[in-house]
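Right, one structure below, let's go through it.
None of the figures in this text is laboratory data; all of them are computed from the coordinates on show. Note that the structure is a prediction, hence the values are computed from the model and not measured. Note: ideal-geometry Cβ built from the backbone for every residue, glycine included; neighbour counts use all protein chains shown.
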Amino acid sequence: MKVKFRIRRFNPEVDKKPYWGEYTLDNVEPTDRVLELLHRVKWEQDGTLTLRRSCAHGVCGSDAVRINGVNKLACKVLVKSLNLKDGGQIQVEPILGLPVVKDLVVDFEPFFDHYRSVMPYFVPATPLPGDGRERRQSPEDRARFDDTTKCILCACCTTSCPSFWASGQYVGPAAIVNAHRFIFDTRDGATQERLNILSEESGVWRCRTIFNCTPACPREIEVTRAIGEVKLAIQRGGR
Amino acid sequence: MDVQTHQFDVVVVGAGGAGMMAALYASRGAKTAVISKLYPTRSHTGTAQGGIGAALANLDEDHWEWHAFDTVKGGDYLTDQNAAETLAREAIDAVIELELMGLPFDRNPDGTISQRRFGGHTNNQTKKPVRRACHAADRTGHMILQTLYQNCIKEKVTFFDEYHAIDIITNDGKVCGIVAVCIDTGEIHVFHAKAVCFATGGWGRIWETTSNAHSLTGDGPALVWRAGLPLQDMEFFQFHPTGLYPVGLLITEAVRGEGGVLINDKGERFMERYAPTIKDLASRDVVARSIYLEVQAGRGIGGKRYVHLDVRPETVNRYLAEAGEDRRVDADYILSKLPDITDFCHTYLGIDPTKSPIPIQPTAHYGMGGIPTNLHAEVLNSGTGTVVPGLYAAGEVACVSVHGANRLGTNSLTDLIVFGRKAGKAMADYARQADFVPLPANPAGKIVAEIEGLRKSSGKTKPYVLRQEMQKVMMDHVSVFREAPGLQKALDTVRELKSRYQNDLVIEDRGMRFNTDLLEAWELGCMLDLAEITTVSAMERKESRGGHSREDYPKRDDVNYLVHTMAYPEKGQIRIAHDRPVDLSLGYQPAERVY
């Protein structure tokens, strides 16, 4: 089938403002991934088109973009899922709320700054086991934070959040998801510090439970639920 | 062009598992920077699925000696036995260290780390499968990558994210740093260092069907080669038996570890014929060849080039019952142990693996060869083992050689942690006693001229055309099976592509900022070098061993080829010498490989 691409373009060295670039691809298969088609545009038609990508199967988190208005990983969207007619259009833009560097590439530094601000690392609650072996944890305790261990830091959730669009000061859903992963880990001893960070003005209370983040997550993490659990933990004063 | 200069005791190139492990250890004793062309969490370690091998013996009797032997046998006896010993002994402590860093492994009811079966992991006495693969669902690599990045943040390791290394700087034969492009600005940065470690991963993108990320273009080995240093065992590249058909992405061996079986068009569990004892859990090279042979014999599904991987509970339970095992599985169990696989099948094929079999084909997966190193991750300049002062390599890019002719499943992650740690320690020690080698005058001059020449390329051939031709010819002639005429054809083609790359390339993006047109073309240059070296190395190994199967030399030849291949750059040519002996210090004598 034939597909039209409408891609938001901006080259800071040339363009005063962004514009829409239009491209037509023939011989598109319903099972093609949007990433493959973006590659075809770049490789066959216009080498200046710029995007990030790496693993191409939804694990590395490089290629988050807005496809027909919805945040997706380009490598996880098949053409057939877009329900296009022959000659139909796919619109691709950079994710919103982070400064555009070039075309579909945004500046991830503010996103990672928020991530780093929530102590996204293990702080052991207990001394090293005397037997030189692993700290033990029951399967039930391990299951408690399983969902939030899946995060790949692609920013689909944070850049779909109207509260984040309204204020880049808000740490955003992804940072909270990563805090949740440690807050609910029974081996960890820094729960209170993280809850203190997240109860500040830039923390969880900026979440208005709009729910954009949950469907945006390519890893199917229940992001809004995780944020809610952190809010409850703050009110309870602990996990 | 302005060049910015930085000075660090240690510079690590690559921020996957090996790079970050090296950085964590080096930064405890030396001023350390990690530079990577990707954000660290985008590194390919994150896609490793099934597990990390270590003889923890949490569920079954196991010993490091069994792990070492399985590694040697898996490597078809080309594995250096001292390296296998180091890997297997230190794996136990390495996995414990990851857990203590916070890695959320799956748990047994007693709270210990959960382990499962994997290809080639055996009880050396009974020859039966043993549970050795420590795992976190089917995203073990993701958990390792996240945990290491988290710990790097905790220990304030310095990162230069999205900096692309393009040259090694040497002065009088000693390493004194690297040159990198800041991808965002296009500016050139010189990193003056006492010690440099390459941890850039693999180069699977030289093949058409691969599990590897687009970024796995072999920059590290290409830079080392261009610096005049040899590469080892490049003919050995693992084709993982179960890549999703047709896209090639990896379907973990853990599917078979949990009880999945391979089925041909006739409904036969064909691995019973090729590996009567452990069947579907034979080593990867054995299973990949078996699938190829089934397809060649017309027993691919519907006559096509794939077979089925069946992990439907009724199938798994039928074979468990047949084997006299008590264990039974249901769809929820499969989903809990293989959530990402389930998601891949759903996303890319629209199928549920608990209800339909998964179509699979072998896919280019892992380089056993690479930059030759010793047990301390120090890079060697020849088969006789002379160290290049200040240069280190760890992880997939390195060839210790712990994987020999075929890597055992789960040993890649073990390798990253064990040898990444060794590189970090060795570099911290080196930096303490060594002085900075002075930078030569204009250290980036030559590479800047090269890059600027590339940026202005104004021929007629777009880079993707050359890349696709290379990937196709490598897939056709330098994949699971090889023979002389095909290898010659591949070599002729790759050389012709190199000539077109030099003389007729066109780059459309002439800008400085985030110029991926330019950098992808530069990566293509690395891949063409490695494709040529791989092919020449394969031509000169006239036997079949592990991942290198010659149809014209179908037998292993221990008399002539129980030795590593070293490819040396010499006057613009590739010189092959089989001059690095295989270490046999554990006393495992080469034997016929039966599974």
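D by Stokes-Einstein for segment B:436-595, Kirkwood Rh over Cα pairs, 25 °C, 0.890 mPa s: 133 µm²/s. Of all the Cα-Cα pairs you can form in segment B:21-112, what percent are over 20 Å apart? Here the long-distance tail beyond 20 Å is 53 percent of all Cα pairs in segment B:21-112.
Which shape class, rounded, prolate or oblate, goes with segment B:337-477 when its Cα gyration tensor gives a ≥ b ≥ c as root eigenvalues, a/c under 1.5 marks rounded, and past that a/b bigger than b/c marks prolate?
Working: a/c = 2.41, a/b = 1.33, b/c = 1.82.
Verdict is oblate for segment B:337-477.
Relative contact order, whole percent, for segment A:108-236 stands at 32, derived from Cα pairs under 8 Å and 6 or more residues apart. Relative contact order, whole percent, for chain B stands at 22, derived from Cα pairs under 8 Å and 6 or more residues apart. Would you be so kind as to identify all helices of chain A, as entire DSSP H runs, whose Cα atoms reach 30 Å or more along the helix's own axis and whose mean Kyte-Doolittle hydropathy is at least 1.0? Once both thresholds are applied, nothing remains. For the pair B:ASN442 and B:GLU322, a Förster radius of 56 Å applied to the C-beta separation gives a FRET efficiency near 0.20, rounded to the nearest 0.05.
Below 8 Å between Cα atoms, with a sequence gap of 6+, how large is the relative contact order for segment B:1-153 in percent? Spell out each step's value before the answer.
Numbers: 247 pairs, mean separation 44.8, N = 153.
Taking the mean separation of contacting Cα pairs over the length of segment B:1-153, I get 29 percent.
For B:GLY267, what charge total do you get from the other residues with a beta carbon under 11 Å from its beta carbon, if Lys and Arg give +1 and Asp and Glu give -1? Here the charged neighbours net out to 0.
Report the chymotrypsin sites (Phe, Trp or Tyr not before Pro) located in segment B:488-524 that are in a DSSP loop and have at most 12 other Cβ atoms inside 10 Å of their Cβ, or state none. Walk me through the numbers before you get to the answer.
On the way: sites: B:TYR501, B:PHE514, B:TRP522; in loops: B:PHE514.
Listed in order of number, the matching sites amount to none.
Counting other Cβ atoms within 10 Å, which trypsin sites (Lys or Arg not before Pro) in segment B:89-188 have at most 14 and lie in a DSSP loop?
Passing both the DSSP loop test and the Cβ count: B:LYS127, B:LYS156.
Summarising the strand pairing of segment A:3-105, around 75 percent of its internal DSSP beta bridges are antiparallel.
For chain B, compute Rh as the Kirkwood radius over C-alpha pairs and then the Stokes-Einstein diffusion coefficient at 4 °C and 1.567 mPa s; write the answer in µm²/s, rounded to an integer.
Working: Rh = 24.0 Å.
Stokes-Einstein gives a translational diffusion coefficient of 54 µm²/s.
Taking a quarter of the surface of the Cα convex hull of segment A:3-105 gives a mean projected area of 6.3 nm². Of A:ASP103, A:ASP185, A:ASP26, the residue with the greatest mean-square motion in the GNM of chain A, using alpha carbon springs below 10 Å, is A:ASP26. Given +1 at the Cβ of Lys and Arg, -1 at the Cβ of Asp and Glu and no other charges, the dipole of segment A:40-153 around its Cα centre is 260 debye to the nearest 20. Report summary: the helix-based calculation at 222 nm, which adds -39500 (n - 2.57) for every DSSP H run with n ≥ 4 and divides by the residues of chain B, gives -11000 deg cm²/dmol. Overall, segment A:3-105 carries a charge dipole of about 340 debye about its Cα centre when +1 sits on the Cβ of Lys and Arg and -1 on the Cβ of Asp and Glu, all other atoms neutral.
Between segment B:12-42 and segment B:536-554, the C-alpha centres lie 36 angstrom from each other.
Summing charges over all other residues whose Cβ lies under 12 Å from the Cβ of A:ARG225, with Lys and Arg as +1 and Asp and Glu as -1, gives -3. Once both labels are positioned 7 Å from their Cα atoms along Cα-to-Cβ, the gap between B:GLN488 and A:ASP131 label points is 6.3 nm. In units of the compact-protein estimate 2.2 N^0.38 Å, the protein assembly as shown shows a Cα radius of gyration of 0.89. Seen from a random direction on average, the alpha-carbon convex hull of segment B:216-261 projects onto 4.7 square nanometres.
Taking GluC sites (Glu not before Pro) across segment B:267-363, the ones in a DSSP loop with at most 12 further Cβ atoms lying within 10 angstrom of their Cβ are B:GLU325. Here segment A:108-236 is treated with +1 on each Lys and Arg Cβ and -1 on each Asp and Glu Cβ, and its dipole about the Cα centre works out to around 140 debye.
With the cut-off at under 20 Å, measuring from each backbone N in segment B:565-584 to a point 7 Å along the Cα-to-Cβ line of B:ASP558 picks out B:565, B:578-584.
Ranking B:PRO246, B:LEU320, B:THR410 by how far each Cα lies toward the positive end of the dipole of chain B (charges on Cβ) leaves B:PRO246 at the top. At R0 = 25 Å, how high is the FRET efficiency between B:ASP332 and A:ARG225 if r is their beta carbon distance? Nearest 0.05 is fine. That pair, B:ASP332 with A:ARG225, gives E of 0.75. Note on chain A: GNM, Cα springs under 10 Å; of A:CYS151, A:CYS75, A:CYS60, the largest mean-square fluctuation is that of A:CYS60. Between A:GLY130, A:SER163, A:ILE234, the Cα set farthest toward the positive side of the dipole of segment A:108-236 (charges on each charged residue's Cβ, about the Cα centre) is that of A:ILE234.
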